[in-house]
Every structure is written in structure tokens, then in C-alpha cells.
Amino acid sequence: MATDDPLNAFVPGSRCHVAGAAQGSLAGLTFAVKDLIDVASVPTGGGNPDWERVHPVPARHAWIVETLLRAGASVIGKTATDEVSLGILGENPYTGTPLNPAAPDRVPGGSSSGSASVVAAGVCDFALGTDTGGSVRVPASFCGLFGIRPTHGRVDFTGVLRQAPGSDTVGWFARDGDIFARVCGAVFGEPLPTALPHRLIVATDTFAFADPEVAAALEPMVDRLASLIGDRRDRILAPQGLSVWQGAQRCLQSSEAWDTFRPWIDSTNPRFAFSVARGLTLGSLITDNERTRAALMREEARGRLRMLLPAGTILCLPTTPFPAPKRGLSVSDLAFPRERISALTCLGGLTGSPQVSLPGATVGGAPVGLSIVGARGSDLDLASVARAFAGKA
């Protein structure tokens, strides 16, 4: 752990600083950038010692970094990530585990671990992450933050290290609901709507899937959300079963990840942690028939969301089924918890719908988040709900 980085959240070495525009909607705010997202003249390391070695230093900022700089926010550094985004807990054998300021004996969640850590600690106003299978939503839940996975394809991914293009998104964290909403407005380039959605769907199967203590802790948040929206209805999200949705997303994401990283693996034979190497190996073994079945399940999931979420309707579910696990657990002990987490987060990758994790509950002193989901393209509606929810808390 670097002496000037007690959180162990920034990438090792000199910390980059890039000043934002003097004026703009985010003038005076500071942000950190996950080390999968390009900052000009700064290496993009990807959380793996062999990625930076064979990839050139970027000459330009990623689209989202440039957009935020033009809006007036300033970069204060690049943050740690699970290896090439292939992780969900935030533990990296090469750079260590960033501190979870909200629960110091627990993991911060990944793969956007460093970004969540610095925001939770108040080091900056907001931070960028990526979310393919849950990598913003999970750290947001574990660290008690607002976090967004935008509609798939809505935010330009230029200058961001890809994992699975069919699911990759770039998102952000904030502690404050108003700042979170301001960043949403700056990125999407539109004002937030003044009217809130008028119907709330409570996904009952997801609350049953979560630990009972989590469901109980989130119930007051659901009640508060329902009082904002007005019309509450209970529905099943995944009639086929959350585990069936999870299996389809796992198949598609793992297969795409193998396709993404295979040229690098073939040319470099890079070092990987066991869990990352195992996931890539399993992805390489997926058959065309398995991918076809998974793609059919994806179409069913998208149809289900279209039916549940007409205009003016949002859905809520636990962001994670339990609070952050303890730091330093064995690879074997964490295998099943990872799968349980992805049974709730698979919704984003399968459907491409926007999702925001709201802070406000704890279990055993550790945060757990409540997520709101809207139809594709309803990102700003969710941001308005998040801002209103924060004001009502």
C-alpha cells in the first residue's frame, strides 16, 4: 500500500491530474477514473501487469473523460480495478484490495473497486467505473453509494478497455444525490425531467432471493420509494428463474470476454489470478449451441422487461443479495457468492436496461443498496428519482 494512498485505491505511481474547464455544469467538482478508461498520456493498466506492457499509452482522453472535463470537472487520478474488469469483489493479487470506507473489514466490490473506495472516503466528488456484469452496481451497494449502469450503448465507449461488447457500459458513483444527478445531466447532455414515474414494480422474486436480513433492511427504502412514485405493484421479474437468467448472461458474457482477450492471450501469454484464468478458460469452451440458447433467453428477458416497464414505470430490486463479504476469504469460499451476486446483476447485461443503485440501508453495519430499473433510454428518469429519493431521505 502506497504511503500517500491509505485507501490503496489509486494505481501505483505518480497520480495524474487534469484540470477541467473553468466554467460548466460540473465546474469545481473532482473525479477519479477507473484504470480501464483512457486519460491522455497516462498508461491504461487494466489491473494486470502484462496489459500495460504491450499496449500503447493513449494519446487521447476517452469520450466520457473529455465530456466531463469540458463540463468543468477535474481528474485527480486513476483508480484500481479487478484484472481487465473480470471480477466482482474488488480483490486484485497484483495491486491489493482497496479499502471499503463504509465497512473496512469487508471487500469494496469490483471491478470498479478503487473508484468506489475514493468516492466513499470523500477523496473526490464522483468517479468513473465500468459495468458489464455488475461492476458499478455491486461496489455501489457494498460501499453505500449512488451508482449507475446506463442504457447499453447510450454512453460512447470510445477509449475504454472492452470486456464483452454486448454488455459493456461505463457508469459512475457519487455520495450525494444532487451531484449524482448533475453528472447524469452532463453525460447525457439533457436536463433531468421534472415529473417522476407514476408506477413502481417491486420484483418479489428478487427480494425472496436475497438474504432475509437484506430484504427486511430494504423494506423501508421500498416504502419511501413507493411514497414518491404513488402506485406500487408486486410482480415476478424472471418467471423462468433468476438462475436461468444468470446462466444465459454468464454464457454470453464469458464467451465474448474470451473473444475479446484471445488475441492478447495468444500473443503475450499474460499472468492471471486463478479465478480470472478459470473464467476465460470456461469461456473458451462454450459452444455455438450454448450461445444460441443463451441468446434466446436474452430475447425472453428483454421481452419481459418491455412488458413490465411501459412508459412511466420503474422496477426495484436488491442490488446485491447480501452485504460485502469479509476481506481475504479463499477462492473456494467466494465461488458461490459470486454466482449469487450475478443472479441479481445479470438483468443489466441481458436486457440493456439502465439501473441505479440507491444507498440507505445496512445489515450488520455494512451497506446494502436498493436498485431501480427503467426501460431502455430512461436513464434521466432514474436520475430524477435518485435525486428526489435523496432529498426525501
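Over the chain, with every protein chain in place, what whole percent of the accessible area is carbon and sulfur at 1.4 Å, could you tell me?
On the way: 7740 of 14520 Å².
Using a 1.4 Å probe with all protein chains present, the chain comes out at 53 percent carbon and sulfur.
Restricting to bridges with both residues inside the chain, how much of the DSSP beta-bridge set is antiparallel, in percent to the nearest 5?
65
So which chymotrypsin sites (Phe, Trp or Tyr not before Pro) in region 92-159 pass both tests, a DSSP loop state and at most 16 other Cβ atoms within 10 Å of the Cβ?
Tyr94
How much length would be gained if the chain were fully extended between Thr292 and Ala311, taking 0.36 nm per residue of separation minus their Cα-Cα distance, in nm to one decimal?
Working: separation 19, 0.36 × 19 = 6.84 nm, distance 3.04 nm.
The span from Thr292 to Ala311 would gain 3.8 nm if fully extended.
As I understand it, the dipole of the chain uses +1 on the Cβ of Lys and Arg and -1 on the Cβ of Asp and Glu, about the Cα centre. Which of Leu36, Gly72, Gly46 lies farthest toward its positive end?
In the chain, that residue is Gly72.
What is the local net charge at Pro104, summed over the other residues whose Cβ is closer than 13 Å to its Cβ (Lys, Arg +1; Asp, Glu -1)?
Neighbour charge sum, excluding Pro104 itself: +2.
Apply the membrane-span-like helix rule to the chain: whole DSSP H runs, Cα extent along the own long axis of at least 27 Å, mean Kyte-Doolittle hydropathy at least 0.5. List the helices found.
For the chain, where a helix must reach 27 Å along its axis and average at least 0.5, the hits are 331-351.
Could you rank Arg293, Arg60 by how accessible they are, 1.4 Å probe, largest area first?
Arg60, Arg293
Give me the dipole magnitude in Debye, nearest 20, for region 48-109 about the Cα centre, with unit charges on the beta carbon: positive for Lys and Arg, negative for Asp and Glu.
Using Cβ point charges on Lys, Arg, Asp and Glu, region 48-109 gives about 300 debye.
Write down the accessible area per residue of region 233-387 in Å², having rolled a 1.4 Å probe over the full set of protein chains.
For region 233-387, the per-residue accessible area is 41 Å².
Check each of the trypsin sites (Lys or Arg not before Pro) in region 152-189 and keep only those in coil by DSSP with at most 10 other C-beta atoms within 10 angstrom; list them in order.
Passing sites in region 152-189 do not exist.
Quick one: net charge around Ser332, please, counting Lys, Arg +1 and Asp, Glu -1 for every other residue with C-beta under 12 Å from its C-beta.
Net of charged neighbours comes to +1.
On a full-extension model of 0.36 nm per residue, what is the gain between Ser14 and Thr362, subtracting their alpha-carbon distance, rounded to one decimal in nm?
121.7 nm
Which sequence of Phe261, Phe336 reflects their accessible areas, 1.4 Å probe, from the largest down?
Phe336, Phe261
Separation of region 118-137 and region 252-310 by C-alpha centroid, Å?
Between the Cα centre of region 118-137 and that of region 252-310, the gap is 24 Å.
Could you give the dipole magnitude of the chain about its Cα centre, charging the beta-carbon of Lys and Arg +1 and that of Asp and Glu -1, in debye to the nearest 20?
Once rounded to the nearest 20, the dipole reads 460 debye.
Rounded to the nearest 10 Å², what accessible area does Trp51 show when all protein chains are kept and the probe is 1.4 Å?
Trp51 exposes around 40 Å² with every protein chain in place.
Per residue, how much accessible surface does region 135-192 expose to a 1.4 Å probe? Answer in Å², no decimals. Working shown, then result.
Values: 1450 Å² over 58 residues.
Roughly 25 Å² per residue, with all protein chains present.
The values are calculated or read from the model by the stated rules, or taken from the named source; none is laboratory data. Quick caveat: nothing in here was measured; it's all calculated off a predicted structure. Positions of Cβ are generated from backbone atoms using ideal geometry, with glycine treated the same way; all protein chains shown enter the neighbour counts. We work out accessible area using only protein heavy atoms, side chains counted, and drop any ligands, DNA or RNA first. Shrake-Rupley method; radii C 1.70, N 1.55, O 1.52, S 1.80 Å.
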